[in-house]
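Visitor: Following this message is one structure expressed as structure tokens.
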Amino acid sequence: MLMKPEQEKQIRQTVADPKIQLALYSATARLKEKREEVVAPEALPEYQELRTQANRIKKHTLENLDVYLEEFEANVEAHGGKVVYARNGQEVTDFILGLARERGVKMLVKSKSMTTEEIHLNERLEHHHLEAVETDLGEYIIQLAHDRPYHIVAPAVHMTRQDVADVFEKNLTDPRTEEPGKQAMIARRNLREKFLEAGIGISGANFLVADSGAVCIVENEGNARLTTTAPPIHIAVAGIEKMIPRARDLAVFLKLLARSGTGQLLTVYTSFLSGPRRGGEADGPAEFYVVLMDNGRTRLLADAEKRQSLYCIRCGACLNACPVYRKIGGHNYPGAYSGPIGAIITPQYQGIAKDPWLPFASSLCGACAEVCPVKIDIPKILLDLRKEVMEDRAARGDGFLERKAFQMYGWLTRRPKLYALAGRIGARMARAPGAASMGPAAKWASVREVPLPARKSFRDQWREREKSK
Amino acid sequence: MPARVSIFVTCVVDQLFPRVGMAMAEVLERAGYEVEFREDQTCCGQPAFNTGYREDARKAAGHFIRVFRDAEFIVVPSGSCASMVSHHFLDLFPKDSSHYEEAEYLAPRVIEFSRFLTDVAKVEDVGARFEGIVTYHDSCHALRELRIKEGPRRLLRKVRGLELREMSAAEECCGFGGTFSVKFPEVSGAMARTKLESILATGASTVVSIDSSCLMQLQGVFTRAGAPLKTMHLAEVLASR
């Protein structure tokens, strides 16, 4: 079995839940349509060229990552900032805890970051009694609800405004409202105090710009700008793959990111942060750190083909395009990343043996690759991972029956007469009463009718036709 | 002497929908081609390839290459199987191997049926008549790997008595996906039901595609749902008079 029964059950429940199905399908449809409008040839004639450029820049950067990491570090330090390398979530946490302890910080604010979701940073900090408050509206709701993000760019997409009202009522003192505008104002009021109180602001990074030693962050709410400038210390936590060589490369990536993610031409705010406040400047943090995290990424770098998984700029377009994500939603994927990109990076970060079903949760329709702004060949990587899963299972002695069936199939494909005979026998068996209740046929029959094989196969009909000529 | 084409009849067509293979041969003959069916053909290897069994897929691919290496054109009633040969055989063999070279040589000559008509035979009107409202389902591998989008629609528009209506979700996957359909039956079924809603909204009575496996999936869900819809392969429509 590729999947644990409880995982199968959860997926069945999600698919059978009309409320979540409607919310999921319509929310992803909206994002999908908005994207299609702004990347259409009339709106952006150079779209395909931009994708090719983005792909080339990422390929080049990852092939020379050591050089760019050094350049980035040197430039950050030249501006008075500091670069910290972390092998995993534990090391990221240790660094933040250590700094908080030294500076006597009791509370910190955070802007949206999938990288910190990946390492469960909030839970790790809370465990050490350091409060971390999410300030992106969606993430704030998710944090109050003790939930996890459902979608890379729309973390609370599965919650209705009534759900949000329930969460606020339970956790805050404000009077209940189901109006999204008023709910946003409640969050804003509550968060404003946190911004002023926080000793550290933690952000992610959309891009690390090597030639400028800068962190580039895009957002729509202004909370990332506050997070990175109001508290006296700013720590950006980023995967090493977020690197791009030059500031001018942003001209390619910024055009693609907002369009692919939310269908915007640009996000409302684009921040370019390159160090602590300098003499004579009115704002900005006194201390600036960039934590460069590995957490399995260098293992991917070693594989020339699958390395492209690291090109991802986390726009979420593949989720909205994926017919499987649109049915099973975000929470059925293990780890922080859901959808097609999650199905290829999670198994590579954590090893293929842990959730071997992930690369198989795809009809290989290719919709993800079609919308990917950096042209990651997701279906190809899924196929490669499937191969690895099957090799791993063979080595453990798992999946014996299926493997033997395919070995038999492979053996027969080279023996046309036996292949035709097997077809004839198989067809007769499939026509027998009760055949639809066995093996894969029963799985098929659980949701649709089983087709009956023809009484005479094509090859038999053709032979008769040729004889009668 | 008419040009000769070889046909590759996919497993699904051979066993479940032989009428599709017969219809394809008929349309090709009507377009002036001599059709041959090489009896020692078996499978393209896609079931094994997509499920992660490369070694078994390589056996099928090697056999395919041996059977068809000297054929001028190999016409296939499936975008998915055609793409397996023209795109993914290259993933199966190491770059410097003789099989890789042969796969490269074979790739441009393995052509999906509708594309053969529009791009090689250069016919759009095959003299067919079919009374009814029809909607076309873009099968994923034909659309995204072979870039087949307009050809089948042009062929359908030339069929007398046929009205073609577009569904909103034409490009969305039917949910088949080979072994995906039995590894994740609930998800697969739900995907097909989304498609069904989009098809019903067009008022069409028949769904046409160039891949029988998509149609097998859709027909199974239509029948289960009691929807009064029929599925037909493009070849069957084009063979109708």
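Visitor: So which pairs qualify, if the first residue must be in region A:448-461 and within 18 Å of B:PHE8 (Cα to Cα) and assigned to a loop (DSSP other than H, G, I, E, B), the second must be open to solvent by less than 40 Å² (accessible area, probe 1.4 Å) and among the charged types (D, E, K, R), the Cβ gap must be under 8 Å, and the two must be at least 6 apart or on different chains?
Guide: Listed by first residue and then by second, the contacts come to A:SER457/B:ASP14.
Let's see how each residue does on (1) open to solvent by less than 40 Å² (accessible area, probe 1.4 Å); (2) more than 10 Å from chain A (Cβ to nearest Cβ); (3) not in a strand (DSSP E or B):
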| site | (1), (2), (3) |
| --- | --- |
| B:VAL187 | yes, no, yes |
| B:THR194 | yes, no, yes |
| B:SER198 | yes, yes, yes |
| B:GLY203 | no, yes, yes |
| B:GLY220 | yes, no, yes |
| B:THR231 | yes, yes, no |
| B:LEU238 | yes, yes, yes |
| B:ARG241 | no, yes, yes |
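Visitor: Go through region A:189-201 and give me each residue that's surrounded by 24 or more Cβ atoms within 10 Å (Cβ to Cβ) and not in a loop (DSSP other than H, G, I, E, B).
Guide: Start the filter on region A:189-201 by keeping residues that are surrounded by 24 or more Cβ atoms within 10 Å (Cβ to Cβ), which leaves A:198, A:200-201.
A:ILE200, A:GLY201, listed by residue number.
Visitor: Out of contact with any Ser or Thr (no Cβ under 8 Å at 6 or more places or on another chain), closer than 30 Å to B:ALA3 by Cα and touching a residue at least 60 places away in the same chain (Cβ under 8 Å): which single residue out of B:LEU146, B:LEU156 fits that description? Break it down into steps so the answer makes sense when it comes.
Guide: On the way: B:LEU146 fails: out of contact with any Ser or Thr (no Cβ under 8 Å at 6 or more places or on another chain).
Result: B:LEU156 is the single residue among B:LEU146, B:LEU156 that is out of contact with any Ser or Thr (no Cβ under 8 Å at 6 or more places or on another chain), closer than 30 Å to B:ALA3 by Cα and touching a residue at least 60 places away in the same chain (Cβ under 8 Å).
Visitor: So, one more: Can you tell me which of (1) open to solvent by 60 Å² or more (accessible area, probe 1.4 Å); (2) within 11 Å of chain A (Cβ to nearest Cβ) is the one B:SER98 doesn't meet?
Guide: Condition (2) is where B:SER98 drops out.
Visitor: Within region B:84-93, is there a residue that is more than 11 Å from chain A (Cβ to nearest Cβ), open to solvent by 10 Å² or more (accessible area, probe 1.4 Å) and in a loop (DSSP other than H, G, I, E, B)?
Guide: yes
Visitor: Is there a residue in region B:62-81 that is within 9 Å of chain A (Cβ to nearest Cβ), in contact with a helix residue (DSSP H, G or I) (Cβ under 9 Å, 6 or more places away or on another chain) and either open to solvent by less than 10 Å² (accessible area, probe 1.4 Å) or part of a loop (DSSP other than H, G, I, E, B) (or both)?
Guide: yes
Visitor: Somewhere in region B:168-185, is a residue surrounded by fewer than 18 Cβ atoms within 10 Å (Cβ to Cβ) and away from chain A (no Cβ under 13 Å)?
Guide: No, region B:168-185 contains no residue that is surrounded by fewer than 18 Cβ atoms within 10 Å (Cβ to Cβ) and away from chain A (no Cβ under 13 Å).
Visitor: Here is a follow-up. Among the candidates A:LEU50, A:LEU69, which residue alone is in contact with a Leu (Cβ under 8 Å, 6 or more places away or on another chain), more than 29 Å from A:GLN264 (Cα to Cα), at pLDDT 95 or above and part of a helix (DSSP H, G or I)?
Guide: On the way: A:LEU50 fails: more than 29 Å from A:GLN264 (Cα to Cα).
On inspection, the qualifying residue turns out to be A:LEU69.
Visitor: Within region A:148-177, which residues are open to solvent by 70 Å² or more (accessible area, probe 1.4 Å) and assigned to a loop (DSSP other than H, G, I, E, B)?
Guide: Scanning region A:148-177 gives A:ARG148, A:THR173, A:PRO175, A:ARG176.
Visitor: For region A:23-47, which residues satisfy the criterion of being of a type in the set (D, E, K, R) and either within 11 Å of another protein chain (Cβ to nearest Cβ) or assigned to a helix (DSSP H, G or I) (or both)?
Guide: Within region A:23-47, the subset of a type in the set (D, E, K, R) is A:30, A:32-37, A:42, A:46.
Scanning region A:23-47 gives A:ARG30, A:LYS32, A:GLU33, A:LYS34, A:ARG35, A:GLU36, A:GLU37.
Visitor: Okay, next question. For region B:14-37, what are the residues that are more than 9 Å from chain A (Cβ to nearest Cβ) and out of contact with any Lys or Arg (no Cβ under 9 Å at 6 or more places or on another chain)? Before the answer, list the steps.
Guide: At the first step, the residues of region B:14-37 found to be more than 9 Å from chain A (Cβ to nearest Cβ) are B:23-24, B:26-36.
Result: B:ALA23, B:MET24, B:GLU26, B:VAL27, B:LEU28, B:GLU29, B:ARG30, B:ALA31, B:GLY32.
Visitor: Take region A:1-22 and flag every residue that is loosely packed, with under 12 Cβ neighbours inside 10 Å and either outside any helix (DSSP H, G or I) or β-branched (Val, Ile, Thr) (or both). Spell out the reasoning first.
Guide: Of region A:1-22, the ones loosely packed, with under 12 Cβ neighbours inside 10 Å are A:1, A:4-6, A:9, A:16, A:18-19, A:22.
Passing the criteria: A:MET1, A:LYS4.
Visitor: Report yes if A:ILE344 is closer than 20 Å to A:ILE11 by Cβ and either modelled with pLDDT under 95 or assigned by TED's automatic domain parsing to the domain that holds A:PRO155 (or both), otherwise no. Lay out the reasoning, then the answer.
Guide: Numbers: closer than 20 Å to A:ILE11 by Cβ: yes; either modelled with pLDDT under 95 or assigned by TED's automatic domain parsing to the domain that holds A:PRO155 (or both): no.
Here the answer is no, as A:ILE344 does not meet what is asked.
Visitor: Considering only region A:146-162, state which residues are of a type in the set (Gly, Ala, Ser) and without any contact (Cβ under 8 Å) to a residue 24 or more places away in the chain.
Guide: First, pick out the residues of region A:146-162 that are of a type in the set (Gly, Ala, Ser): A:154, A:156.
Answer for region A:146-162, where residues must be of a type in the set (Gly, Ala, Ser) and without any contact (Cβ under 8 Å) to a residue 24 or more places away in the chain: just A:ALA156.
Visitor: Which condition does B:ARG115 not pass, out of (1) surrounded by fewer than 20 Cβ atoms within 10 Å (Cβ to Cβ); (2) charged (D, E, K, R); (3) touching a Leu at 6+ places or on another chain (Cβ under 9 Å), if it passes all the others?
Guide: Only one criterion is unmet by B:ARG115, namely (1).
Visitor: Mind counting the residues in region A:435-469 that are more than 43 Å from the chain's Cα centre (by Cα) and either more than 7 Å from chain B (Cβ to nearest Cβ) or crowded, with 16+ Cβ neighbours inside 10 Å (or both)?
Guide: Qualifying residue count, region A:435-469: 15.
Visitor: Across region B:1-54, what is the number of residues that are small (Gly, Ala, Ser), more than 24 Å from B:HIS87 (Cα to Cα) and either part of a helix (DSSP H, G or I) or in contact with a strand residue (DSSP E or B) (Cβ under 8 Å, 6 or more places away or on another chain) (or both)? Outline the logic, then answer.
Guide: First, the residues of region B:1-54 that are small (Gly, Ala, Ser): B:3, B:6, B:21, B:23, B:25, B:31-32, B:45, B:48, B:52.
Filter once more, keeping what is more than 24 Å from B:HIS87 (Cα to Cα): B:3, B:23, B:25, B:31-32.
Right, trim to either part of a helix (DSSP H, G or I) or in contact with a strand residue (DSSP E or B) (Cβ under 8 Å, 6 or more places away or on another chain) (or both) and you get B:3, B:23, B:25.
The number of residues fulfilling the criteria is 3.
Visitor: For region B:118-148, name all the residues that are part of a loop (DSSP other than H, G, I, E, B) and open to solvent by 30 Å² or more (accessible area, probe 1.4 Å).
Guide: Applying the first criterion (part of a loop (DSSP other than H, G, I, E, B)) to region B:118-148 yields B:122-128, B:137-139, B:146-148.
If the condition is that a residue be part of a loop (DSSP other than H, G, I, E, B) and open to solvent by 30 Å² or more (accessible area, probe 1.4 Å), then B:LYS122, B:VAL123, B:GLU124, B:ASP125, B:GLY127, B:ARG147 are the ones that fit.
Visitor: Ok, one more. Could you tell me whether any residue of region A:39-57 is closer than 26 Å to A:GLY239 by Cα and among the β-branched types (Val, Ile, Thr)?
Guide: Residues of region A:39-57 closer than 26 Å to A:GLY239 by Cα: A:50-57.
From what's left, among the β-branched types (Val, Ile, Thr): A:52, A:57.
Checked region A:39-57: at least one residue is closer than 26 Å to A:GLY239 by Cα and among the β-branched types (Val, Ile, Thr).
Visitor: Related question: For a quick check of your reading of the model, give me the residue pairs whose first member lies in region A:403-418 and is in contact (Cβ under 8 Å) with a residue 60 or more places away in the chain and more than 8 Å from chain B (Cβ to nearest Cβ), whose second is open to solvent by 60 Å² or more (accessible area, probe 1.4 Å) and hydrophobic (A, V, I, L, M, F, W, C), with beta-carbon atoms closer than 9 Å and at least 6 apart or on different chains.
Guide: Pairs that qualify, where the first residue is in contact (Cβ under 8 Å) with a residue 60 or more places away in the chain and more than 8 Å from chain B (Cβ to nearest Cβ) and the partner is open to solvent by 60 Å² or more (accessible area, probe 1.4 Å) and hydrophobic (A, V, I, L, M, F, W, C): there are none.
Visitor: Which count do you get for residues in region A:248-284 that are modelled with pLDDT of 95 or more, over 25 Å from the mean Cα position of the chain (by Cα) and over 29 Å from A:GLU91 (Cα atoms)?
Guide: Qualifying residue count, region A:248-284: 1.
Visitor: Taking region A:310-324 on its own, how many of its residues are more than 14 Å from chain B (Cβ to nearest Cβ) and hydrophobic (A, V, I, L, M, F, W, C)? Give the derivation first.
Guide: Within region A:310-324, the subset more than 14 Å from chain B (Cβ to nearest Cβ) is A:310-317, A:319.
Still in the running and hydrophobic (A, V, I, L, M, F, W, C): A:310, A:312-313, A:315, A:317, A:319.
Qualifying residue count for the region: 6.
Visitor: Just one of (1) open to solvent by less than 10 Å² (accessible area, probe 1.4 Å); (2) over 22 Å from A:LEU24 (Cα atoms) trips up A:GLU139, so point out which.
Guide: Of (1) open to solvent by less than 10 Å² (accessible area, probe 1.4 Å); (2) over 22 Å from A:LEU24 (Cα atoms), only one is false for A:GLU139: (2).
The values are calculated or read from the model by the stated rules, or taken from the named source; none is laboratory data. Every value quoted in this text rests on a predicted model; they were computed, and no experiment measured them. All Cβ positions, even for glycine, are placed from backbone atoms using ideal geometry, and neighbour counts span all protein chains on display. Protein only, heavy atoms only, side chains kept; ligands, DNA and RNA dropped before computing areas. Shrake-Rupley method; radii C 1.70, N 1.55, O 1.52, S 1.80 Å.
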